[in-house]
Amino acid sequence: MTADRESGLAHGGSEAEELVTIAKFLEPVNAQLAKGMLESAGIESFLQGENANSMMAFAFRARLQVQRSDEAAARELLAVFLADEGEEVSTDEL
């Protein structure tokens, strides 16, 4: 799993807020678990490329995205979650 700063736009309410990719997952199930963990903590998250990843996993990664305003909290929770699961977070691109 790697993390980076790819972004998009979320269209919530009257303003669009920038989305930030906080992690990429090879396995869609791991992306779903991380998304569920963030949402249970009250952080809205989105998966991009999850279906493409299911068809051609070697070519695509499922991207976990959050609103920029939630980025710091989401990264902190994700690091704890991945450490508990025995996975390491790549800090190369954080």
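The values are calculated or read from the model by the stated rules, or taken from the named source; none is laboratory data. Bear in mind the structure is a predicted one, so any value in this text is a computation, not a measurement. Every residue, glycine as well, gets a Cβ built from its backbone with ideal geometry; the counts of neighbours run over all protein chains shown.
Among Leu33, Leu82, Leu94, Leu26, which is the only one that is surrounded by 13 or more Cβ atoms within 10 Å (Cβ to Cβ), out of contact with any Leu (no Cβ under 9 Å at 6 or more places or on another chain) and at pLDDT below 65?
Details: Leu33 fails: at pLDDT below 65; Leu82 fails: at pLDDT below 65; Leu26 fails: at pLDDT below 65.
On inspection, the qualifying residue turns out to be Leu94.
Is it fair to say Ala72 is modelled with pLDDT of 90 or more and under 14 Å from the mean Cα position of the chain (by Cα)?
The answer is yes for Ala72.
Can you report the number of residues in region 36-58 which are surrounded by 17 or more Cβ atoms within 10 Å (Cβ to Cβ), of a type in the set (S, T, N, Q) and modelled with pLDDT of 95 or more?
Residues that pass the stated criteria total 1.
Taking region 10-20, which residues are touching an Asp or Glu at 6+ places or on another chain (Cβ under 6 Å) and either of a type in the set (Gly, Ala, Ser) or at pLDDT below 95 (or both)?
Matches in region 10-20: Ala10 only.
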